[in-house]
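Asker: First, the structure itself, so that you have it in front of you.
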Amino acid sequence: MSPSTSGVGDQLSGKPIAQAPFGERAISLEPGLDEKDMVLNFGPQHPACHGTLRMVMTLDGERVRKLEPDIGFLHTGFEKLGESRTWNQFIVVTDRMNYLSAMSNNIGFACAVEELLGIEIPPRAQAIRVLMAEMSRISDHILGIGLQGMDLGAFTAMLWAFIEREKVYDVFELTSGGRLTTSYTRVGGLAFDLPEEVPHRCRRFLDRIDTLLEDVEGMLSHNRIFTERTQGVGVFTKEQVLTYGWTGPIARASGLQRDVRRDSPYLGYETYDFEVPTHEEGDVYARYKQRLAEVRESCKIVQQVLDRMPAGEINALGKVTLPDRDEVYTQMESLIQHFMLEMPGHGQQVPVGEVYHATESPNGELGWYLVSDGTAVPYKVHVRSPSLYNYASMGELCQGHLIGDTVAVMSSLNIIAGELDR
């Protein structure tokens, strides 16, 4: 009789194991696995995840046979919070979603509420929003490019990007008082007018950005290590892009000619001259090149905004926007308006209805589905966050690649956990 191969672990688990002669390995495998497979947790605390993201990998040696993205580690209930906050109060929550481009979140939500109200903000407010949105896009893209380099060993490129991103944050701080989380927009307009120094700072930033892009391209675009780890890795065709619902720069890097700013214009984007660049390769390297191209187009838009910034009001007329703070302190009518908009049980009179409004955020189509029951708080808030669609494709993107390639693929998607787990 062969000696028993049962062990303590088997007694604890209660699972039957395969019996083997003395000296041979006894194994118990999950369905679908063979002896050379290994299941590995990548994250949620791995530094390459840039947040609390988890991927469960089934490996054949170093090769990824299967990858399952797992979400929910940073779930904050942002959408549910919207049901207990007024329309303006929820703007503070939008900052915490894609915190690398908080301005874009603020603007997208405010535009959706304004469509529900049926109001149009003044030309100056539109131009300032476009300026802030494009500066935010530049900040997000150059940091994304720098992080792509850092994840593959080129730490210097990330430091260069960080230096220039801080210049954008200087503009945000001067305008809104905040750097990372700005809460700058208001339903019907803006919290503050544009300070006089902002146009000068933006022009100085534009003068430096070309040098940054040339330096980054000189370091990465022809670097043998970077190109061999990015070209042909994580390829997605245009058909796969449509299947997974990709939008934004990663979709355009696979040849999809779609940009909400051009195809469904808002805030007067149809009056600006800019191109929608695309690449056909659809790999990690193409996504890197795509963001470089889009930074240059955003710089063109910023220049046009600065050249023709209109004068005038920054808030829509009527009883839907908060009055200027100085007027609240000095004029009775403004004090009453502020009181009626902020007092519990009153607030903005948003008509009963629903709306879906999309803007082109740095990561893709940021869509807001809002339902109003006529009260001062939303009945329902739902956001179409680009990161959710992008992260869902990780399994197909990484299948057949090496473990190290998953780092390059993840970095090229620019997944933000706050937006993913809203």
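The values are calculated or read from the model by the stated rules, or taken from the named source; none is laboratory data. Predicted model, so just to flag it, every value in this text is computed and none were measured. Positions of Cβ are generated from backbone atoms using ideal geometry, with glycine treated the same way; all protein chains shown enter the neighbour counts.
Asker: Do we have residue 283 as surrounded by 19 or more Cβ atoms within 10 Å (Cβ to Cβ) and out of contact with any Ser or Thr (no Cβ under 6 Å at 6 or more places or on another chain) here?
Answerer: So residue 283 fits the description; yes.
Here is a yes/no grid of residues against (1) at pLDDT 85 or above; (2) of a type in the set (S, T, N, Q); (3) under 29 Å from residue 421 (Cα atoms):
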| residue | (1), (2), (3) |
| --- | --- |
| 25 | no, no, no |
| 30 | no, no, no |
| 37 | no, no, no |
| 51 | no, no, yes |
| 54 | yes, no, yes |
| 59 | yes, no, yes |
| 64 | yes, no, yes |
| 73 | yes, no, yes |
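Asker: Any idea which residue in the range 128-151 is nearest to residue 201 (Cα to Cα), counting only those that are over 18 Å from the mean Cα position of the chain (by Cα) and surrounded by fewer than 22 Cβ atoms within 10 Å (Cβ to Cβ)?
Answerer: Looking at the filtered set, the residue picked out is 150.
Asker: Turning to a different aspect of this structure: Here are some conditions: (1) under 28 Å from residue 42 (Cβ atoms); (2) buried (at least 22 other Cβ atoms within 10 Å of the Cβ). Residue 91 meets all but one. Which one does it not meet?
Answerer: Of the numbered conditions (1) under 28 Å from residue 42 (Cβ atoms); (2) buried (at least 22 other Cβ atoms within 10 Å of the Cβ), the odd one out for residue 91 is (1).
Residues are listed down the side, and each one gets a yes or a no for (1) part of a loop (DSSP other than H, G, I, E, B); (2) modelled with pLDDT under 95; (3) within 21 Å of residue 128 (Cβ to Cβ):
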| site | (1), (2), (3) |
| --- | --- |
| 266 | yes, no, yes |
| 289 | no, no, no |
| 298 | no, no, yes |
| 303 | no, no, yes |
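Asker: Looking for whichever is surrounded by fewer than 21 Cβ atoms within 10 Å (Cβ to Cβ), in contact with an Asp or Glu (Cβ under 6 Å, 6 or more places away or on another chain) and closer than 19 Å to residue 365 by Cβ here; the options are 245, 255, 232. Which one fits?
Answerer: So the residue among 245, 255, 232 that is surrounded by fewer than 21 Cβ atoms within 10 Å (Cβ to Cβ), in contact with an Asp or Glu (Cβ under 6 Å, 6 or more places away or on another chain) and closer than 19 Å to residue 365 by Cβ is 255.
Asker: Could you list all residues from the range 190-231 that are in contact with a helix residue (DSSP H, G or I) (Cβ under 9 Å, 6 or more places away or on another chain), within 19 Å of residue 290 (Cβ to Cβ) and among the acidic types (Asp, Glu)?
Answerer: Answer for the range 190-231, where residues must be in contact with a helix residue (DSSP H, G or I) (Cβ under 9 Å, 6 or more places away or on another chain), within 19 Å of residue 290 (Cβ to Cβ) and among the acidic types (Asp, Glu): 210, 215, 217.
Asker: Answer yes or no as to whether residue 336 is surrounded by 19 or more Cβ atoms within 10 Å (Cβ to Cβ) and among the β-branched types (Val, Ile, Thr).
Answerer: No, not satisfied.
Asker: Let me ask something additional. Which pairs have Cβ atoms under 6 Å, sit 6 or more apart or on different chains, and link a residue in the range 155-184 that is in contact (Cβ under 8 Å) with a residue 12 or more places away in the chain to one that is in a helix (DSSP H, G or I) and among the polar types (S, T, N, Q)?
Answerer: 165/139; 168/139; 182/176; 184/106; 184/176
Asker: State the number of residues belonging to the range 115-158 that are part of a helix (DSSP H, G or I), farther than 25 Å from residue 308 by Cβ and in contact with a Phe, Trp or Tyr (Cβ under 8 Å, 6 or more places away or on another chain).
Answerer: Total satisfying the criteria: 5.
Asker: Let me ask something else. Return yes when residue 130 is in contact with a Lys or Arg (Cβ under 6 Å, 6 or more places away or on another chain) and touching a residue at least 24 places away in the same chain (Cβ under 8 Å) and no when it is not.
Answerer: No; evaluated as a whole, the condition is false for this residue.
Asker: Applying the selection to the range 363-377, what residues are closer than 19 Å to residue 93 by Cβ and crowded, with 24+ Cβ neighbours inside 10 Å?
Answerer: 363, 366, 368, 370
Asker: Then there's this: If you take the residues of the range 292-317 that are within 16 Å of residue 139 (Cβ to Cβ) and hydrophobic (A, V, I, L, M, F, W, C), which of them is surrounded by the fewest Cβ atoms within 10 Å (Cβ to Cβ)?
Answerer: For the range 292-317, the residue satisfying everything is 292.
Asker: Considering only residues that are of a type in the set (A, V, I, L, M), surrounded by 21 or more Cβ atoms within 10 Å (Cβ to Cβ) and more than 10 Å from residue 314 (Cα to Cα), which ones fall in the range 180-200?
Answerer: 187, 198
Asker: Among the residues that make up the range 119-133, is at least one of them farther than 23 Å from residue 376 by Cα, of a type in the set (D, E, K, R), at pLDDT 95 or above and touching a strand residue (DSSP E or B) at 6+ places or on another chain (Cβ under 8 Å)?
Answerer: Checked against the condition, which is being farther than 23 Å from residue 376 by Cα, of a type in the set (D, E, K, R), at pLDDT 95 or above and touching a strand residue (DSSP E or B) at 6+ places or on another chain (Cβ under 8 Å), the range 119-133 yields at least one hit.
Asker: Here is a check on your reading of the model: is residue 262 closer than 19 Å to residue 157 by Cα and surrounded by fewer than 16 Cβ atoms within 10 Å (Cβ to Cβ)?
Answerer: No; evaluated as a whole, the condition is false for this residue.
Asker: For residue 204, state whether it is buried (at least 16 other Cβ atoms within 10 Å of the Cβ) and basic (Lys, Arg).
Answerer: no
Asker: Sticking with this structure for a sec: If we keep just the residues of the range 396-422 that are in a helix (DSSP H, G or I) and touching an Asp or Glu at 6+ places or on another chain (Cβ under 6 Å), which is surrounded by the fewest Cβ atoms within 10 Å (Cβ to Cβ)?
Answerer: If we take residues in the range 396-422 being in a helix (DSSP H, G or I) and touching an Asp or Glu at 6+ places or on another chain (Cβ under 6 Å), then 403 is surrounded by the fewest Cβ atoms within 10 Å (Cβ to Cβ).
Asker: Can you tell me which of (1) closer than 15 Å to residue 362 by Cβ; (2) assigned to a helix (DSSP H, G or I) is the one residue 277 doesn't meet?
Answerer: Going through (1) closer than 15 Å to residue 362 by Cβ; (2) assigned to a helix (DSSP H, G or I) one by one, residue 277 breaks only (2).
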